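Each remark here refers to the structure printed beneath this line.
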Amino acid sequence: MDLPRLGFGTYGRTGPEGRDAILAALEIGYRHLDTAQTYDTEREVGEAVRLSGLPRDEVFVTTKVSEGNLGEGQVIPSLERSLEASGLDHVDLALIHWPARKGGPAPEVYLRQLSEAKARGLARQIGVSNFTIALIEEARSILGDGVILTNQVELNPWFRNRKLADHCMSRGIVVTCYEPLARGKVGADPVLQRIAARHRATPEQVALAWELAQGYAVIPTSRNPDRIAQNFAAQDLALSSDELAEIDTLDRGIRSIDPDWGPVWD
Ligand SMILES: NC(=O)c1ccc[n+]([C@@H]2O[C@H](COP(=O)([O-])OP(=O)(O)OC[C@H]3O[C@@H](n4cnc5c(N)ncnc54)[C@H](OP(=O)(O)O)[C@@H]3O)[C@@H](O)[C@H]2O)c1
């Protein structure tokens with residue numbers, strides 16, 4: 001299955017309330033769920049998939065191997081624990097959540113294990129997250145061309161991340177935007193509000209429509225079924241080329257997720 005371009009993020013969607021939000025997303029029509037070993041939502045994702053009654057092969061499930069599980073002999077057991085937590089027999093996509101910090105395992109060490117996880121059927125496809133251009137090139141030289149499905153990175157109208165996104169696209173790697181709504185703050189943008197009013201839409205829908213129009217995947221989340229549905233409907237919103245160009249000018253260049261142990265960004 002190709003990566004569905006509209007997915008549902010599950011950060012914060014823990015417990016019965018979180019599971020119900022994930023289930024609501026599936027009922028609304030989302031067919032891509034984004035979890036991670038550190039989110040504590042793998043169980044909720046598995047429960048929601050089963051409760052939805054959807055055939056397993058109609059839902060694309062992504063998980064991410066946490067930075068603490070990248071050492072020799074750690075990646076595959078960590079993915080086995082992920083599958084045990086979710087009760088699923090495979091994920092559709094396994095990502096390296098963050099490159100190892102300085103002094104940690106080399107990309108060769110964890111990417112070979114990720115590739116082996118795919119060969120063993122734990123994950124149908126593999127990819128990365130928070131990788132820079134240099135790390136993407138290193139990963140391509142280790143894994144070969146056409147293996148990395150996506151690089152999941154911070155990207156929204158206020159944080160354009162264009163250099164990295166353009167590089168990924170030029171190498172056939174899908175860009176998946178995390179924080180596609182800048183954690184909900186992008187709705188305050190006056191340009192997005194003005195364009196939204198013209199389309200009888202919301203500024204959040206305009207942000208998502210702009211990201212989708214670039215060919216990126218998006219994984220917004222919400223606890224609220226109305227907003228979950230509203231975000232899903234963004235895929236029906238067509239923006240003009242002038243509107244897309246105007247949104248391109250909103251970049252503030254301020255990264256929101258920037259741990260001190262993270263990579264040297266582009
Ligand atoms: N790979 C990584 O390192 C990484 C890092 C961060 C996130 N992620 C993934 O990306 C997903 C999305 O990122 P995110 O959750 O940080 O940020 P986000 O999706 O940009 O924003 C979520 C916030 O926006 C609000 N919101 C959602 N839809 C809205 C709407 N239509 N109108 C107004 N407010 C709305 C939500 O509040 P309510 O719940 O109150 O609606 C929530 O507080 C995560 O769930 C996770 O799966 C990955």
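The values are calculated or read from the model by the stated rules, or taken from the named source; none is laboratory data. Note that this is a predicted model, so its numbers are computed, not measured. Positions of Cβ are generated from backbone atoms using ideal geometry, with glycine treated the same way; all protein chains shown enter the neighbour counts. Note: accessible area is taken over every heavy atom of the protein model, side chains too, but ligands, DNA and RNA are not part of it. Shrake-Rupley method; radii C 1.70, N 1.55, O 1.52, S 1.80 Å.
Lysines within cross-link reach of Lys163: Cα-Cα under 25 Å, excluding same-chain residues under 8 positions apart? In chain and number order, the partners are Lys64, Lys102, Lys185.
Across the accessible surface of the chain, with the other protein chains kept in place and a 1.4 Å probe, carbon and sulfur atoms take up 48 percent. Taken as Cα centroids, the stretch 77-91 and the stretch 229-256 sit 35 Å apart, rounded to the nearest whole angstrom. Think of a 1.4 Å ball rolled over the protein heavy atoms: the stretch 138-184 then has 35 Å² of accessible area per residue.
From most to least packed by mean Cβ count within 10 Å, the peptides 132-140, 100-108 give 132-140, 100-108.
Across the stretch 133-155, the residues whose backbone nitrogen lies under 11 Å from the label position 7 Å along the beta-carbon direction of Arg255 are 133, 154. Per residue, the accessible area of the stretch 51-108 comes to 42 Å² when a 1.4 Å probe rolls over the protein heavy atoms. Over the residues of the chain, the helix contribution to mean residue ellipticity at 222 nm works out to -12000 deg cm²/dmol, using -39500 (n - 2.57) for each DSSP H run of at least 4.
Note that the stretch 14-165 carries a Kirkwood radius of 16.0 Å, evaluated over its alpha carbons pair by pair. Other residues with beta-carbon under 15 Å from the beta-carbon of Ser66 carry, at +1 per Lys or Arg and -1 per Asp or Glu, a net charge of -2. Label-to-label distance for Ser52 and Arg200 is 2.9 nm, based on points extended 7 Å past Cα in the beta-carbon direction. Listed by chain and number, the aspartates and glutamates whose C-alpha is less than 17 Å from the C-alpha of Lys118, apart from same-chain residues fewer than 8 away, are Asp2, Asp57, Glu72, Glu80, Glu84, Asp89, Asp92, Glu108, Asp145.
Need one word for the chain: rounded, prolate or oblate. Basis is the Cα gyration tensor (sqrt eigenvalues a ≥ b ≥ c); a/c below 1.5 gives rounded, then a/b vs b/c decides. Oblate shape, in that a/c is at least 1.5 and b/c is the bigger or equal ratio.
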